[in-house]
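Each remark here refers to the structure printed beneath this line.
No value in this document is a laboratory result; all are computed from the given coordinates. These numbers were taken from a predicted model, which means no experiment stands behind them. Please note: Cβ atoms are built from the backbone with ideal geometry, for glycine as well, and neighbour counts cover all protein chains shown.
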Amino acid sequence: MKNGFNMVNLIEIQRFPVFFGLKGKYIHLFLHLMNQENQFKKVIAHAKEYGFVFLSSEIYDGLSAVYDYGPNGVHLKNNIKDYWWKAMVQGYDQIVGIDSAIFMHPTTWKASGHVDSFNDPMIDNRDSKKRYRADELIENHLNKIRSKIEKEVLKARKRIGEQFDRDTFLSTNQRVGGHQKKIDSISHRLTSCLKRSDLVGLKNLIEELAITCQVSGTNNWTDVKQFNLMFETKLGADKQSASDLYLRPETAQGIFLNYLNVQKSARKKIPFGIAQIGKAFRNEIVARQFIFRMREFEQMEMQYFIEPKTQKHWFSYWKEARLKWHLALGLGDDYYRFHEHENLAHYADAATDIEFNYPFGFKELEGIHSRTGFDLTNHQKYSGKKITYFDPHTKQSYTPYVLETSIGLDRMFLAVYTSSLKEQKLSDGSTRIVFELPPCLAPVKLAILPLVNNEELVHFGNHLVEKFKWDLSHVFDAKDTIGKRYRRQDAIGTPFCITVDFDSLKDNSVTIRNRDTMDQERIHVEHLKQVITSKVDMNSLLKTL
Ligand code: ATP
């Protein structure tokens with residue numbers, strides 16, 4: 001976990017700040033963290049209360065970093081999958097989909113480099129017994145210095161007003177220069193330690209920077225150790241003869257191993273892509289941020305096979321295309337930023353993350369990686385099978401390069417969730433929870449609500465259910481007051497509620513209520529489908545891509 005903080009500890013610190021030796025701006029910082037933490041706690045509670053996400057095996061006190069999706073969660077998740085799959089596979093003639101197995105031949109993971117290199121450097125604090133990723137402790141320290149720069153920028157902008165020029169300020173201000181120097185020097189050392197797997201160097205850096213544990217507040221650290229993230233399992237009934245397998249830590253390798261099958265059967269010419277949605281498993285060292293970092297999760301990955309030396313072009317193409325896909329949802333442009341990698345994975349010659357501003361700060365949502373010819377070359381080497389492409393124009397064969405886009409479905413779910421869940425003050429002084437999900441992602445598109453639980457109104461409502469059930473996901477609810485039922489639908493993000501009243505029996509019209517504006521309008525039943533689908537239809541969004 002990056003930037004993790006312990007909930008109980010923060011509550012204690014807030015209650016007794018002086019006891020913890022905190023004064024002035026530090027109290028302010030902790031209150032800010034506290035606020036973020038509270039916001040996040042509300043998200044987690046909401047997800048459980050309204051049937052979106054449950055802790056796995058909860059009646060046995062749960063399983064760490066494993067979660068189940070409830071009745072509303074599974075709809076939201078499927079809608080996100082749909083949005084991705086349609087944008088990728090239906091949107092591009094040259095992209096096709098597959099669904100490969102989770103179990104793969106164990107040599108796959110030797111060839112991909114996962115057996116030797118899929119490690120995270122871990123470190124424990126002896127006092128709190130808390131485990132951290134060593135590189136993330138240093139990254140968090142860097143983020144703190146970065147936020148000092150941002151504070152200087154804010155102050156200067158306030159002081160200078162409209163004349164303020166960010167670039168000039170950053171390049172001329174002495175204090176900023178000092179911070180930037182520190183960042184460059186620490187980043188350089190971090191990169192070099194990670195590249196050389198220099199675990200002693202990482203520990204020295206943590207000590208020199210006086211990084212302390214957020215729980216115990218001490219710097220009583222153990223040595224740094226490498227930890228492989230793959231889960232092992234056995235294939236076969238007999239313990240002796242059973243062979244070792246891994247649960248796949250990424251879906252990408254299933255695509256690489258099928259490159260030849262797909263290219264031939266789908267008769268694709270380069271450039272072309274293979275897309276896949278599926279489960280991946282990682283034995284994460286630290287997993288404390290709800291569904292952000294799970295041990296079992298889903299990925300939506302697309303590998304684009306290209307001619308070598310064209311990777312720069314495709315890297316910027318896919319960066320732009322993927323950001324556009326995110327922005328089209330309308331969650332707010334400020335939620336996203338790119339983060340270019342300095343520490344490249346063993347297979348990549350360029351990589352960037354699309355980061356999202358979660359309640360715990362900007363974190364990776366999607367990775368775009370230029371994977372070179374690493375994967376196919378290695379699978380060719382380990383399998384002894386020729387994995388190349390014959391270019392019909394140049395009459396030459398080559399090993400394709402790969403441009404990958406890889407997004408965590410659960411992280412996307414969390415991004416949509418945290419940015420859409422709002423607490424709104426109403427003009428009468430009351431508050432309502434409103435889940436302002438993009439309408440096409442909402443689990444329920446339409447709620448059908450008889451004004452009162454009367455036989456005729458219920459009958460009319462049931463008739464509407466029959467009319468719409470194959471076109472729109474819906475709920476029918478006749479219990480409680482209409483106000484309570486509206487609130488329930490607001491809280492799960494239903495874009496439209498329809499109220500059936502006694503006039504409906506005479507004029508075949510109903511009242512339609514808009515989730516976001518709470519405006520109500522009388523509408524004839526025959527116009528309902530057109531009005532609702534025009535707002536909740538995913539295709540109109542896809543057409544803007
Ligand atoms: P991180 O640096 O956060 O550990 P990563 O760089 O290892 O992520 P990738 O290997 O690039 O992640 O995986 C692609 C995507 O899969 C990520 O962008 C993320 O959305 C998702 N992902 C990776 N690990 C997890 C996890 N443990 N839980 C949920 N989603 C994950």
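At-a-glance table
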| item | result |
| --- | --- |
| K195-T377 FRET efficiency (beta carbon distance; Förster radius 25 Å; 0.05 resolution) | 0.75 |
| More than 35 angstrom apart: percent of Cα pairs within the chain | 47 |
| Summed residue charge, Cβ within 12 Å of L199's Cβ, Lys/Arg positive, Asp/Glu negative | -1 |
| The chain, helix-only ellipticity at 222 nm - DSSP H runs n ≥ 4, -39,500 (n - 2.57), divided by all residues, nearest 500 | -13000 deg cm²/dmol |
| Whole-angstrom gap from region 319-369 to region 439-484, using each part's C-alpha centre | 39 |
| Calculated FRET value between D116 and N539, using beta carbons and R₀ = 41 Å, to 0.05 | 0.35 |
| Within region 423-460, backbone nitrogen closer than 12 Å to the virtual label 7 Å beyond the Cα of R487 toward Cβ | 430-434 |
| Distance between modelled label sites at H393 and R432, nm, 7 Å Cα→Cβ extension | 5.7 |
| Packing rank of 359-370, 477-488, where each peptide gets the mean count of other beta carbons within 10 Å, highest leading | 359-370, 477-488 |
| Segment D223-D507, extension gain: residue separation times 0.36 nm, minus the distance between their alpha carbons | 94.6 nm |
| Label-to-label distance, nm, for residues given as R166 and K385 (7 Å Cα→Cβ offset) | 4.9 |
| Relative contact order of the chain, pairs being alpha-carbon contacts under 8 Å that are 6 or more residues apart, as % | 14 |
| Förster radius 25 Å - calculated FRET efficiency between T310 and K264 (Cβ-Cβ, nearest 0.05) | 0.70 |
| Gain on full stretching of the segment that runs from Y60 to Y92 - 0.36 nm per residue minus C-alpha separation | 7.0 nm |
| Full-extension gain in nm, Q180 to E49, via 0.36 nm per residue minus C-alpha separation | 42.7 nm |
| Set of region 105-134 residues, backbone N closer than 16 Å to the point 7 Å along the Cα-Cβ line of N204 | none |
| Inter-label distance for L235 and D334, nm, one decimal - labels placed 7 Å from Cα along Cα-to-Cβ | 5.1 |
| Residues of region 170-191 with amide N under 19 Å of a point placed 7 Å along Cα→Cβ from K148 | 170-190 |
